Amino acid sequence: MLQTDTRMTTAYSPRIVKLAVREVYASRMSFLDRFRSGSHSHDHVDPDPSIRLSYEAEDRASLTLDLDDVPTRLVVERAGEEPNGAFWEGVVHYAAPHIFRHLNFESEGRAFVVEGERADLREIRDILRPFVTDEAEMTALLERAHANNIVLGRYGR
């Protein structure tokens, strides 16, 4: 039986809901747990709970980033970017172009979701972590991108 949480107010796209439902049935977790920290089968406990790597099937996985809890959010906003799903897709494309083409992005609005092979997503998680947690790293990334006239929110789209 699916559990509900009336405190959840964020609306998610049908595609993201479909991904969540698939994971619910695969892991027998609460439907809304898909969007909470610490409720997935992880390969280890991540020091930043806003980045979640969930195993789905055999060598496939999904990585989600809780955009409301990203510590570098204000740095991104001050640089004139919108820290939404499209922005984080641009970060992945800019920082890891060798992996970008192998991934399936399902980001929309305030949700960053990417599916792919476990090994690729582990690498993406490790690449993203400093940009999520360290304001100096995010500032340096934004300065490099902007110096090359790249707006990360539109990069790779």
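Values in this text are rule-based calculations from the coordinates and carry no lab data. Only a predicted model underlies this, so the values are computations on that prediction, with no experimental measurement involved. Neighbour counts run over all protein chains shown; Cβ positions are idealised from the backbone, glycine included.
Placing R0 at 22 angstrom, the Cβ-Cβ distance between ARG154 and ASP68 gives a FRET efficiency of 0.50 after rounding to 0.05. What separates the Cα centres of region 100-124 and region 46-85 is a distance of 10 Å. Peptides 118-129, 80-91 ranked from most to least packed give 80-91, 118-129, packing being the mean of other C-beta atoms within 10 angstrom over each peptide's residues.
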